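Heads up: the structure comes next, in structure tokens.
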Amino acid sequence: MTKFAQPTKWPWSRYLLLVLLLITLSAVIAAMIIEKRVTPVLRAWAETKAVNLATEAIYSAVEETMIEEAAVADLAEIIMDDSGRIQAVKYNTAEINRVSATAAKKMLEHLRVLSSEQITIPLGQILGPDFLSGYGPGIPLKVVPVGAVSAAPVSSFTSAGINQTIHRLYLDIQVEMRVVIPLSNTITPVTARIPIAEDIFIGAVPSWYFAPSGLVGGFDQDGDFSGSQKIEFRLNEP
């Protein structure tokens with residue numbers, strides 16, 4: 001009578017090895033799916049969050065600077081003739097540059113404090129419906145300033161109607177932030193324009209020309225500003 005060979009039984013160690021291989025393969029596939037589908041959404045959300053946090057820190061730093069360091073009247077002088085008509089706006093460029101430098105330093109301090117904070121994003125807030133927005137595992141987010149903060153003073157003149165012009169001084173802020181999340185590390189630029197002084201000129205609308213020294217003057221009181229609704233320039237450019 002012919003005897004058939006009995007199938008060889010695998011030892012339990014082989015079954016364990018097979019299970020581990022399947023688990024590893026599943027984990028790799030899951031990681032690839034997450035990287036392809038979830039990471040772009042997470043990156044976009046994290047960059048938006050980082051810009052919002054950095055902008056809040058920048059505004060706070062400028063507000064502190066203006067309260068502690070500067071008086072608006074010290075930044076620009078309105079020069080008028082004997083009849084009260086505006087002849088020029090003379091900028092105190094030394095004071096403006098000092099305020100800009102102080103503000104930039106405070107901004108960097110605020111951003112460095114922000115980089116030391118532990119920020120987490122609930123996964124449900126990114127992927128789930130609204131009722132799950134506060135749930136799910138927390139995904140760590142780190143925001144770190146890269147390089148120095150640029151704070152450039154800008155002057156702006158805007159027509160606001162008949163014989164009315166708004167004059168503003170701004171700080172144009174630029175800084176780069178490194179946004180660090182799992183599986184992603186990107187550099188995001190943050191920009192903001194923050195007003196630090198404002199005047200409203202009532203009277204004959206002038207036409208403008210600018211001198212590199214910071215003197216804006218020689219207004220033509222009979223000029224027509226209607227053809228150019230807004231003029232602006234940087235004060236620290238020659």
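The values are calculated or read from the model by the stated rules, or taken from the named source; none is laboratory data. None of the values given here were measured: they were computed from a predicted structure. When we count neighbours, we look across all protein chains shown, and the Cβ atoms used for this are built from the backbone with ideal geometry, even at glycine.
The table below gives the values:
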{"quantity": "Meets criteria (among the polar types (S, T, N, Q), under 30 Å from Lys36 (Cβ atoms) and at pLDDT below 70) for Ser226", "calculated": "no"}
{"quantity": "Residue count, the range 71-91 (criterion: touching a residue at least 60 places away in the same chain (Cβ under 8 Å) and touching a strand residue (DSSP E or B) at 6+ places or on another chain (Cβ under 9 Å))", "calculated": "11"}
{"quantity": "Filter result for Ala44 (over 26 Å from the mean Cα position of the chain (by Cα), surrounded by 11 or more Cβ atoms within 10 Å (Cβ to Cβ), of a type in the set (Gly, Ala, Ser) and modelled with pLDDT under 85)", "calculated": "no"}
{"quantity": "Matching residues in the range 49-103 - criterion: being in contact with a Gly (Cβ under 9 Å, 6 or more places away or on another chain) and outside any strand (DSSP E or B)", "calculated": "Gly84, Arg85, Asn92, Thr93, Ile96"}
{"quantity": "Members of the range 141-193 found to be among the hydrophobic types (A, V, I, L, M, F, W, C) and closer than 23 Å to Val38 by Cα, listed by number", "calculated": "Leu141, Val143, Val144, Met177, Val179, Val180, Ile181, Leu183, Ile187"}
{"quantity": "Among the residues listed as Ile86, Ile78, the single one being more than 25 Å from the chain's Cα centre (by Cα), of a type in the set (Val, Ile, Thr), within 28 Å of Gln164 (Cα to Cα) and crowded, with 17+ Cβ neighbours inside 10 Å", "calculated": "Ile86"}
